[in-house]
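Data block below; observations after.
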Protein chains: 2
Amino acid sequence: MTSSIVRQLVDIVGADNVNTDPAEIYCYSRDSTPFQHFADIIVRPLSTDEVSRVLKLANLNHVPVYPRGSGTSAAGSPLPVKGGIVLDLTRMNRILSFDQENLQVVLEPGVICDDLNEFLQKYGYFFPPDPASSSVATLGGMVANNSAGNRAIKYGKTKDWIMWLEAVLPNGEVIHTGSKTLKSVSGYDLTKLLSGSEGTLAVFTKIGMRVQPLPEAYRTAMFLFGDLDKAGKAILKARGAGVVPCAMEFLDRLTVRTSAEYAGLDIMDCEAMLLIETDGVESAAEKELKIIVKAVEEMNPKYWKIAEGERERASLWLARKSAYAALARCAVTTTMEDMTVPISKIPEALKRIQRIPERFGKIIQIATFGHAGDGNLHPTFLYDERIPEQREAFFKGLSAIYNEVALDLGGSISGEHGVGLIRKDFVEKEHGPVEMALMKGIKRIFDPNNILNPGKGKPWGSTGEPEVI
Amino acid sequence: MTSSIVRQLVDIVGADNVNTDPAEIYCYSRDSTPFQHFADIIVRPLSTDEVSRVLKLANLNHVPVYPRGSGTSAAGSPLPVKGGIVLDLTRMNRILSFDQENLQVVLEPGVICDDLNEFLQKYGYFFPPDPASSSVATLGGMVANNSAGNRAIKYGKTKDWIMWLEAVLPNGEVIHTGSKTLKSVSGYDLTKLLSGSEGTLAVFTKIGMRVQPLPEAYRTAMFLFGDLDKAGKAILKARGAGVVPCAMEFLDRLTVRTSAEYAGLDIMDCEAMLLIETDGVESAAEKELKIIVKAVEEMNPKYWKIAEGERERASLWLARKSAYAALARCAVTTTMEDMTVPISKIPEALKRIQRIPERFGKIIQIATFGHAGDGNLHPTFLYDERIPEQREAFFKGLSAIYNEVALDLGGSISGEHGVGLIRKDFVEKEHGPVEMALMKGIKRIFDPNNILNPGKGKPWGSTGEPEVI
């Protein structure tokens with residue numbers, strides 16, 4: 001990074017918003033993966049125009065740019081593997097408008113998911129996607145990852161709620177994709193292409209989203225199983241019951257134990273927990289949960305109950321949403337993976353995951369939880385990255401998760417966290433070489449100099465050679 | 001078309017499935033627009049391999065290929081404007097599998113929408129997108145157009161239900177996009193890029209779709225208004241009522257009159273009808289409709305009623321779904337347009353549309369109906385294309401619809417029918433030149449020789465010069 005470029009960056013965003021202090025660079029060097037990479041400079045723009053000028057400058061000088069929100073990625077997606085600029089978008093955090101008549105809200109990318117929902121709640125609306133990190137995750141990051149979370153089973157993913165995007169191309173040009181109407185099929189769908197592209201095609205500066213009326217009521221049931229296989233089969237029973245719940249979450253023994261303790265809940269010993277919620281008008285939420293309970297009971301849970309009142313419901317959800325944080329207290333390193341299988345393969349997937357630590361003499365542990373109703377599991381490695389044997393076992397275990405569980409069972413290497421760094425060695429196996437070539441071609445159209453988030457997912461998101469971790 | 005190419009096509013699909021008979025060519029020369037274009041040859045493949053070999057041959061010889069389902073397009077999308085091959089996919093019409101555990105069905109592109117729903121109904125499921133042409137439209141065409149219809153307000157568009165596609169690139173290579181799991185964010189979203197690409201990027205040979213459990217009950221209300229403006233405002237009231245109906249349809253005076261007659265319904269004279277439906281467990285459908293009725297009543301409908309029983313509901317829907325067919329009996333030429341506006345602009349849009357025939361001394365008529373809850377209107381021109389003044393008035397009226405109504409009110413030139421031929425002159429105005437360049441770039445990646453559906457939408461779907469109609 002030449003001093004001339006630094007000076008020009010200072011000109012664009014002001015001296016207060018450019019930082020090369022090693023302490024600051026350090027703060028931006030990690031996310032929630034075990035990887036660490038250092039930028040040359042942190043730049044914090046406040047407007048579309050500033051983003052445009054920063055990108056134009058970087059593009060002219062072939063400087064890598066790594067867009068970043070709150071850095072909650074569990075994939076290494078925002079990490080500056082090739083140095084250059086980390087583009088911190090958290091200052092662009094305004095909710096610009098809420099057009100209640102047209103059921104749409106306009107945001108800057110740095111708005112936090114929970115802040116948006118707190119705002120919308122006042123008007124009787126909500127934005128359904130609900131990652132466990134919703135109290136910190138930015139909408140820009142959620143659009144970039146196409147984040148999902150607990151409610152995707154009924155309400156879909158972030159992508160499904162985005163109507164239009166204002167985004168800046170690497171050359172500084174500002175584009176507007178999609179339509180401000182609820183329905184449009186005019187031209188290729190650039191909005192849905194950008195959403196989920198993990199910061200490799202353009203930088204979002206405004207997001208237009210539709211919103212959903214808040215449901216009148218929720219009903220939540222907790223099921224405990226003495227047997228992992230039965231819990232897996234119960235998911236299928238619940239999914240086949242003919243109604244669509246708004247959440248169907250799975251937690252294995254270790255996750256239940258640690259997160260119940262974290263949330264101050266007294267939960268009996270079990271091999272697995274299912275947490276299933278319905279919503280809608282009160283009578284419907286009630287009736288649909290009853291239908292599901294009846295279906296799940298066929299698999300003989302050792303215990304089940306329907307949450308009494310909002311307080312009990314909230315504590316069950318606190319346990320679920322803090323699963324990752326709770327597990328993180330059990331080990332020096334906690335690495336959450338993200339894979340999906342067809343739901344009929346969940347029992348087999350759980351079995352295979354459970355067997356992985358055994359081949360390393362159990363020097364590492366795996367706790368599994370996730371959005372079972374979508375077939376989306378988060379096997380979470382607990383180990384100590386400072387101990388070479390454990391680190392090696394982790395990387396071998398990682399490979400087993402994606403190759404021997406996800407892909408071998410007809411699944412996908414990522415349900416909602418993206419490819420990033422951690423899954424870059426598996427993406428080529430999921431898609432074929434022809435599909436990869438198409439993705440590479442698309443990348444080249446948007447970012448011919450490969451300045452946006454370079455060094456990620458091997459065959460996509462990079463026209464050059466991937467960085468070796 | 002050289003005789004050598006014809007011979008090779010015969011080799012691939014068999015003599016019975018290749019046709020150059022002018023009578024046959026004539027049958028494939030139209031859809032439901034006023035345009036007509038003649039292919040050199042009709043080819044009817046039966047398998048992915050045959051599609052692949054036909055495309056490879058066409059690509060090597062730079063012969064245009066026009067994929068076609070049932071030809072119900074209201075955009076001119078399948079018309080062979082540059083001659084060449086019409087690729088009729090209706091022989092590939094098998095439902096290949098229904099995996100009930102994983103809630104997904106696998107189809108060939110020629111399956112008819114209603115046939116799929118008849119099949120799924122036996123198992124308690126349905127595929128929600130419901131175009132008025134569902135009794136004839138193929139799923140391949142629906143994926144290509146990203147078709148929507150009456151239920152999009154609650155259940156989204158065709159694209160939202162597609163999990164994966166098997167498709168053939170112009171060079172004959174077979175690709176597989178998406179994932180067989182309910183959730184995946186691995187790589188760029190080629191599935192959602194292909195869906196809605198109107199046959200310009202690849203030919204679909206297999207479609208993997210998720211399905212939805214059938215709702216227990218429906219409740220349907222009909223509202224009649226003496227005033228167009230009040231009907232428009234009632235849509236906003238209903239949309240703001242805090243619940244999401246599964247349909248919210250609008251029909252203007254002329255559409256009500258003709259389609260009620262068609263369906264044998266006795267409906268009093270009115271300026272507009274709204275048809276609003278809720279679904280779900282019975283108590284919820286009931287309660288949600290009541291909430292909507294209360295909201296709509298604020299706009300003083302001159303009459304309203306809730307359909308009593310399935311028979312009355314069915315006849316209301318027959319009236320709505322036959323709107324286009326009923327209108328077609330009123331004039332020599334009936335051309336259905338497709339535009340969206342933000343729902344708050346519907347009253348103004350209706351006013352502007354109504355004024356258009358006046359400027360041509362009412363030698364043409366426009367009847368308007370559509371999916372009001374999405375802001376999606378279908379102004380339908382009634383005229384006689386054989387009379388030059390009327391044809392000219394139609395083309396000027398067309399331009400007014402897109403420029404002075406849709407785009408001027410912040411809308412889109414297509415909600416669900418696609419750009420095709422009829423909207424090709426307006427797509428550039430909706431998107432900017434930079435966005436157009438990206439779309440062109442994407443087209444070039446998939447179809448460098450521009451053999452797939454060439455001559456459509458001016459700046460996208462064509463790397464060459466567009467055909468002048």
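Give the shape of segment B:320-393 as rounded, prolate or oblate, defined through the alpha-carbon gyration tensor: a ≥ b ≥ c are the square roots of its eigenvalues, a/c under 1.5 means rounded, and otherwise the shape is prolate if a/b is larger than b/c and oblate if not.
oblate
Distance cut-off 29 Å, Cα to Cα: go down the list A:183/B:321; A:56/B:180; A:206/B:443; A:56/A:122 and report the pairs above it.
A:56/B:180; A:56/A:122
Compute the label-point distances linking residue B:408 to its equivalents in the other copies; points lie 7 Å from Cα along Cα→Cβ; give nm, one decimal, shortest first.
Ordered by increasing distance: 6.5 nm.
Of all DSSP beta bridges located in chain A, what percent are antiparallel, nearest 5?
85 percent
Residues of segment B:384-422 with backbone nitrogen within less than 11 Å of a virtual label 7 Å along the Cα-to-Cβ line of residue B:362, please, listed as ranges.
Under cut-off, by backbone N: nothing.
How do B:423, A:391 stack up against each other in accessible area, from largest to smallest, with a 1.4 angstrom probe?
My answer, sorted largest first, is A:391, B:423.
Quick one: order B:159, A:56 from most to least accessible surface, probe 1.4 Å.
A:56, B:159
Can you give the accessible area of residue B:49, probe radius 1.4 Å, in Å² rounded to 10?
Surface open to solvent at residue B:49 totals about 90 Å².
Just from its helices, what would the mean residue ellipticity at 222 nm be for chain A, if runs of 4 or more DSSP H residues each count -39500 (n - 2.57) and the sum is divided by every residue, rounded to the nearest 500 deg cm²/dmol?
Calculated at 222 nm, the ellipticity per residue is -9500 deg cm²/dmol.
Calculate the length of the line joining the C-alpha centroid of segment A:356-383 to that of segment A:336-351, in whole Å.
Spelled out, the Cα-based centre of one part sits 10 Å from the other.
Within the protein assembly as shown, what percent of beta bridges assigned by DSSP are antiparallel, to the nearest 5?
85 percent
Would you list, by chain and number, the lysines whose Cα falls below 22 Å from the Cα of residue A:230, excluding same-chain residues fewer than 8 positions away?
A:290, A:294, A:302, A:305, A:345, A:351
Put a label point 7 Å from Cα along the Cβ direction on residue A:264, then list its distances to the equivalent points in the other copies in nm, shortest first.
From this label point to the equivalent ones elsewhere in the assembly: 6.8 nm.
Taking R0 as 51 Å, what's the FRET efficiency between residue A:305 and residue B:2 from their Cβ-Cβ distance, rounded to 0.05?
Computed FRET efficiency for residue A:305 and residue B:2 comes out at 0.10.
Counting Lys and Arg as +1 and Asp and Glu as -1, each charge on the Cβ, what is the dipole of the protein assembly as shown about the Cα centre in debye, to the nearest 20?
Value, rounded to 20: 360 debye.
Please report the accessible area of residue A:308 (heavy atoms, 1.4 Å probe, ligands and nucleic acids excluded) in Å², nearest 10.
140 Å²
Once the other residues with Cβ under 11 Å from the Cβ of residue A:331 are scored (Lys, Arg +1; Asp, Glu -1), what is the net sum?
Result for the local shell: -1.
Mind checking the angle between helix A:253-263 and chain A's longest principal axis? C-alpha axes, 0 to 90 degrees, to the nearest 10.
Helix A:253-263 sits roughly 80 degrees off the main axis of chain A.
How about segment B:275-323: which chymotrypsin sites (Phe, Trp or Tyr not before Pro) there are in a DSSP loop, with at most 16 other Cβ atoms within 10 Å of their Cβ?
none
Suppose each label sits 7 Å from its Cα in the direction of the beta carbon; what would the residue A:396-residue A:49 distance come out to in nanometres?
5.8 nm
Can you give the angle from 0 to 90° between the axis of helix A:309-321 and the longest principal axis of chain A, with both taken from C-alpha atoms, to the nearest 10?
Long axis of A:309-321 versus the principal axis of chain A: about 60 degrees.
In degrees between 0 and 90, to the nearest 10, how far off the longest principal axis of chain A does helix A:433-446 point, with axes built from Cα atoms?
Computed tilt is about 50 degrees.
With the label 7 angstrom out along Cα to Cβ, how close does residue B:95 come to the same site in each of the other copies, in nm, nearest first?
With the label placed 7 Å along Cα→Cβ, residue B:95 yields 4.4 nm.
Does segment B:217-320 come out rounded, prolate or oblate, given a ≥ b ≥ c as the square roots of the eigenvalues of its C-alpha gyration tensor, rounded meaning a/c under 1.5 and, failing that, prolate meaning a/b above b/c?
Verdict is oblate for segment B:217-320.
Evaluate peptide A:243-249: per residue, the Cβ atoms of other protein chains within 10 Å of its Cβ; return the mean as an integer.
Taking all residues of A:243-249 together, the mean is 1.
Keeping every protein chain in place, order B:123, A:188 by accessible area at 1.4 Å, biggest value first, i.e. largest first.
So, going from the largest accessible area down, we get B:123, A:188.
Choose one of B:335, B:357, B:367: the residue whose Cα lies farthest towards the positive end of the charge dipole of segment B:331-406 (beta-carbon charges +1 Lys, Arg; -1 Asp, Glu; about the Cα centre).
In segment B:331-406, that residue is B:357.
Given charges of +1 on the Cβ of Lys and Arg and -1 on the Cβ of Asp and Glu, with all other atoms neutral, how large is the dipole of segment A:95-213 about its Cα centre, in debye to the nearest 20?
360 debye
Using a Förster radius of 22 Å, what is the FRET efficiency between residue B:20 and residue B:136 based on their Cβ-Cβ separation? Nearest 0.05, please.
E(calc), rounded to 0.05, equals 0.30.
Under unit Cβ charges (Lys, Arg +1; Asp, Glu -1), what dipole magnitude, rounded to 20 debye, does chain A have relative to its Cα centre?
Taking the Cα centre of chain A as origin, the dipole is about 600 debye.
In chain B, if the dipole is taken from +1 on Lys/Arg beta carbons and -1 on Asp/Glu beta carbons about the Cα centre, which of B:105, B:275, B:48 is farthest to the positive end?
B:275
The values are calculated or read from the model by the stated rules, or taken from the named source; none is laboratory data. Not measured: the values here are computed from a predicted model. All Cβ positions, glycine included, derive from the backbone under ideal geometry; neighbour counts span all protein chains shown. Each accessible area value is taken on the protein alone, full model and side chains, heavy atoms only, with ligands, DNA and RNA left out. Shrake-Rupley method; radii C 1.70, N 1.55, O 1.52, S 1.80 Å.
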